[in-house]
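Read the structure below first, then the notes.
The values are calculated or read from the model by the stated rules, or taken from the named source; none is laboratory data. These numbers come from a predicted model, not from an experiment. Here the Cβ positions follow ideal geometry from the backbone for every residue, glycine too, while neighbour counts run over all protein chains shown.
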Number of protein chains: 2
Amino acid sequence: MSTKDFGVWDGEKTVELPKQPDAGLYFIGRIHTPWKERKDCPKNARESEAICVIEVDPRWADGLKDVETCTHLVLLYWMDRSPRTLVLQVPGRRGVQRGTFALRSPARPNPVAMSVVKLLRVDGNRLSVVGLDCLDGTPLVDIKPYFASTDSVPDAVVGWHRPKD
Amino acid sequence: MSTKDFGVWDGEKTVELPKQPDAGLYFIGRIHTPWKERKDCPKNARESEAICVIEVDPRWADGLKDVETCTHLVLLYWMDRSPRTLVLQVPGRRGVQRGTFALRSPARPNPVAMSVVKLLRVDGNRLSVVGLDCLDGTPLVDIKPYFASTDSVPDAVVGWHRPKD
């Protein structure tokens, strides 16, 4: 896959990027998944029970202490093949224009994806998890404990996605 | 505040950072909060009902279309005053060493914080939200819609934080 997979379609709008980045990210590991091409990825992480493996670089492996006590984690990762210029998108080419910040599309100014995963097992610097839908080899940016007290909002609504009856 | 606020304490461990970053972030706006110094910030976002204002740079403002239909948002922001070298930390200097990836501490290899906020109002490129605990002027990295179907896990447990009875 290349960024050519993302064309600019009718109803989409791009902006010019700033000349310089404001901050730098270190990739701290890689995500191993069963999906080698974008078309193979599940449309939604809840559609898949596939076990994925998070491999943390040895440099950072000490940071995994106590992670095994968490039932769920927040993962941040870098969607490195996405264009960063789109502010209005037409998801699924279905003719309806949405703002980038109202979408979970990988195409966004900073393509940092966030997924909540269930932790199955920790083996040294490798975590087995369920709940991802990204490409094999995706760079890892962060791992955080998921706190239900602040992160879980069961009655949250995305109005454009689930119109009121 | 400076990074000197974060010393390395007994039980803490640092690593050497990679020579080069792997990817660049653009700051897409700023977060306005009532807290000017770290000591004033609430310890936990749920402790505060303060209304904070997210100001999105005009360049990206078109991306806010449809955001007003969301009751809750995921915000990613840059904790720009945090050291990035800590892999083992002693939170609150209470003598217990934890791994960085088992903590929500701003000190981490990539200091990208994630908060779930309640959206009160959208006025042009300004969003009024509740649920933040960061410093005034914090750089914004991303705004995403919060989907309860994938993001909400009410029964998630962080074992080290809430020991079993």
- Query: Applying the selection to segment B:33-74, what residues are facing chain A (nearest Cβ under 7 Å), assigned to a helix (DSSP H, G or I) and closer than 22 Å to residue A:86 by Cα?
  - Reply: B:59, B:60, B:62, B:63, B:64, B:67, B:69
- Task: Could you check, for segment A:140-156, whether at least one of its residues is of a type in the set (Gly, Ala, Ser), touching a strand residue (DSSP E or B) at 6+ places or on another chain (Cβ under 6 Å) and at the interface with chain B (Cβ under 7 Å from one of its Cβ atoms)?
- Result: yes
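Give me a count of the residues in segment B:112-126 that are under 23 Å from residue B:81 (Cβ atoms), more than 7 Å from chain A (Cβ to nearest Cβ) and in contact with a helix residue (DSSP H, G or I) (Cβ under 7 Å, 6 or more places away or on another chain).
At the first step, the residues of segment B:112-126 found to be under 23 Å from residue B:81 (Cβ atoms) are B:112-117.
Checking which are more than 7 Å from chain A (Cβ to nearest Cβ) leaves us with B:113, B:115, B:117.
With the extra rule that they be in contact with a helix residue (DSSP H, G or I) (Cβ under 7 Å, 6 or more places away or on another chain), the set shrinks to B:115.
Residues flagged as under 23 Å from residue B:81 (Cβ atoms), more than 7 Å from chain A (Cβ to nearest Cβ) and in contact with a helix residue (DSSP H, G or I) (Cβ under 7 Å, 6 or more places away or on another chain) within segment B:112-126 amount to 1.
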- Message: Looking at the structure I just gave you, is residue A:72 surrounded by fewer than 19 Cβ atoms within 10 Å (Cβ to Cβ) and either within 16 Å of the chain's Cα centre (by Cα) or without any contact (Cβ under 8 Å) to a residue 24 or more places away in the chain (or both)?
- Response: no
- For residue A:15, all conditions in the list (1) surrounded by fewer than 17 Cβ atoms within 10 Å (Cβ to Cβ); (2) closer than 25 Å to residue B:145 by Cα hold save one; what is the number of the exception? (1)
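Being under 17 Å from the mean Cα position of the chain (by Cα) and part of a loop (DSSP other than H, G, I, E, B), is that true of even one residue in segment B:138-157?
Filtering segment B:138-157 for residues under 17 Å from the mean Cα position of the chain (by Cα) gives B:138-146, B:151.
Filter again for part of a loop (DSSP other than H, G, I, E, B), leaving B:146.
Yes.
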- Message: If I ask for residues that are closer than 26 Å to residue B:24 by Cβ and assigned to a strand (DSSP E or B), which ones from segment B:75-115 would you list?
- Response: B:75, B:76, B:77, B:78, B:86, B:87, B:112, B:113, B:114, B:115
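Which is modelled with pLDDT of 95 or more and out of contact with any Leu (no Cβ under 7 Å at 6 or more places or on another chain), of B:120, B:73?
On the way: B:73 fails: out of contact with any Leu (no Cβ under 7 Å at 6 or more places or on another chain).
Result: B:120 is the single residue among B:120, B:73 that is modelled with pLDDT of 95 or more and out of contact with any Leu (no Cβ under 7 Å at 6 or more places or on another chain).
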- Message: Kindly evaluate residue A:130 against the criterion of being at pLDDT 95 or above, surrounded by fewer than 18 Cβ atoms within 10 Å (Cβ to Cβ) and within 19 Å of the chain's Cα centre (by Cα).
- Response: yes
- Identify, by number, the condition in (1) assigned to a strand (DSSP E or B); (2) buried (at least 16 other Cβ atoms within 10 Å of the Cβ) that residue B:120 doesn't meet. (2)
